[in-house]
1. Dipole of the range 214-315, Cα-centred, from +1 at each Lys and Arg C-beta and -1 at each Asp and Glu C-beta, to the nearest 20 debye?
2. Based on Cβ point charges of +1 for Lys and Arg and -1 for Asp and Glu, what charge dipole magnitude is obtained for the range 283-377 about its Cα centre, in debye rounded to the nearest 20?
3. Using Stokes-Einstein with the Kirkwood hydrodynamic radius over Cα pairs, what translational diffusion coefficient do you get for the range 205-261 at 20 °C and a viscosity of 1.002 mPa s, in µm²/s rounded to a whole number?
4. At a Förster radius of 60 Å, what calculated FRET efficiency corresponds to the Cβ-Cβ distance of THR59 and VAL18, to the nearest 0.05?
5. Ranked highest first by average number of other Cβ atoms within 10 Å, how do 126-133, 90-97 line up?
6. Return a whole-number percent for the relative contact order of the range 1-81, with Cα pairs under 8 Å and 6 or more residues apart as the contact set.
7. Would you mind checking the tilt of helix 93-106 against the longest principal axis of the Cα atoms of the chain, expressed as 0 to 90 degrees and rounded to 10?
8. Which length gain, in nm to one decimal place, applies between SER47 and THR304 when the Cα-Cα distance is subtracted from 0.36 nm times their residue separation?
Amino acid sequence: MRKVDEIRALFPILDRKVEGKDLVYFDNAATSQRPRSVLDLQQELCSRSNANIHRAVHTLSMEATEAYEKGRDAVRDFLGAESREEIILTSGTTASINLVAHCFAAAGFLKNGDKVLLSAAEHHSNIVPWQIACQATGAGLKVLEVEPDGTIDLQKFSDSLTDDVKMVAVAHVSNILGVVNPVKQMVAVAHSKGIPVLVDGAQGVTHLKVDVTDIDCDFYAFSGHKIYAPTGIGVLYGKKEWLEKLPPYMGGGDMVESVSFEKTVYADLPLKFEAGTANYVAAACLRPALEIAGELASDAAVATHEKELMAAMESALGSINGVKVAGIDAPERIPLYSFTIEGVHPLDAAMLIDKMGVALRSGHMCAEPIVRRLTGGSSMLRASLMPYNTVGEVEVFARALARVVIMLRQ
Ligand code: PLP
């Protein structure tokens with residue numbers, strides 16, 4: 001069996017049809033599909049071990065707690081974090097970044113006149129939480145432009161780190177450009193000036209081997225649903241020294257050691273940041289999801305397959321007249337292609353191509369500032385692939401897109 005067929009066999013949804021055609025799912029950057037091992041664990045936990053975690057001594061609760069904490073251990077291994085106390089389970093990347101932005105400001109690390117440096121290609125989740133933190137403190141955003149090929153210039157980055165910059169928040173990979181940012185080098189430069197760095201890893205974990213100890217970032221955020229796990233679970237990695245300096249984000253059950261009306265003692269890390277009943281089923285599913293992700297990331301045959309997919313996509317998009325792909329000339333990128341087609345509205349194209357069984361993303365893709373800079377409008381199309389996609393699917397996509405263009409340009 002070919003490698004890609006083995007991978008596809010793990011994902012039951014890939015067998016379905018849409019509009020009578022074999023599904024070609026190219027919206028993976030929005031959410032990825034789940035393997036059988038994840039679906040089975042979800043089913044098993046819900047039907048056998050459903051109970052609240054951390055609080056009771058009965059069998060079901062202990063099973064649920066163990067499954068939840070195994071999810072945390074899997075994340076620690078996957079990210080190469082030094083300790084499990086540095087792994088906070090949240091509801092997703094958005095929640096993780098909001099946590100850091102809010103607590104960083106609340107702890108007094110952002111003051112009137114300070115700046116948070118972002119790249120021009122950030123997702124709304126890595127813009128709006130910082131805007132809110134700035135509004136609360138009198139601080140402001142500073143935006144680092146990206147180069148015409150979508151890359152970040154390290155010298156310009158270094159020059160932008162003036163004394164008033166107190167935090168750098170940058171995507172590992174932009175969800176529009178698909179370009180891999182040099183986060184390790186950026187962290188080194190920022191640290192040389194005493195500035196912490198948060199990396200939005202929502203699109204980074206899906207195609208790159210991530211080691212937070214090697215990157216040396218202070219915070220790293222990602223979402224389970226973009227890497228084979230269910231929705232409603234995400235991760236915040238934070239260096240222990242930072243997590244200890246930040247106050248809790250939310251108060252409630254599970255994040256406390258003791259409570260009286262006079263005084264509350266917070267729980268130790270990581271529970272200090274995990275108030276309320278957790279999505280323990282989804283958290284537990286991080287284990288099988290990251291197991292598969294880890295295997296795929298270290299398999300040379302998968303790397304070759306991804307290169308073939310990218311070559312096929314680039315030639316397919318290049319063959320259609322009037323197609324402009326963002327970040328296509330960048331030296332290091334993932335199989336994520338945001339594009340416009342002259343004379344064709346992205347929404348019309350996405351609706352029409354869906355009738356041919358092909359799922360693409362359209363719109364501003366929650367990164368309106370960079371979409372506006374690139375297009376002057378608020379809408380693009382995006383095709384994003386995972387290792388379970390095939391060159392055959394790229395060919396179907398290419399034929400479908402060519403037909404769509406002919407139909408919509410008439
Ligand atoms: N950051 C990036 C780069 C993303 O691509 C996304 C999702 O598309 C997010 C943040 C937000 O992720 P979530 O909606 O899972 O919190």
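FYI, it's all coordinate maths here, none of it is from the lab. Computed from a prediction, not measured in an experiment: that's the story for all the values here. Virtual Cβ from ideal backbone geometry, glycine too; neighbours counted across all protein chains shown.
1. Numbers: 8 positive and 16 negative charges, 64 e Å.
In debye, rounded to 20, the range 214-315 gives about 300.
2. Dipole of the range 283-377, to the nearest 20 debye: 320 debye.
3. Numbers: Rh = 13.9 Å.
The calculation lands on 154 µm²/s.
4. On the way: r = 43 Å, r/R0 = 0.71.
Efficiency at R0 = 60 Å is approximately 0.90.
5. Working: 126-133: 21.2, 90-97: 24.4.
Per-residue mean Cβ counts within 10 Å order the peptides as 90-97, 126-133.
6. Numbers: 45 pairs, mean separation 13.5, N = 81.
Reported as a whole number, the value is 17 percent.
7. Helix 93-106 and the main axis of the chain meet at about 40 degrees.
8. Details: separation 257, 0.36 × 257 = 92.52 nm, distance 3.96 nm.
Stretched out fully, the SER47 to THR304 stretch lengthens by 88.6 nm.
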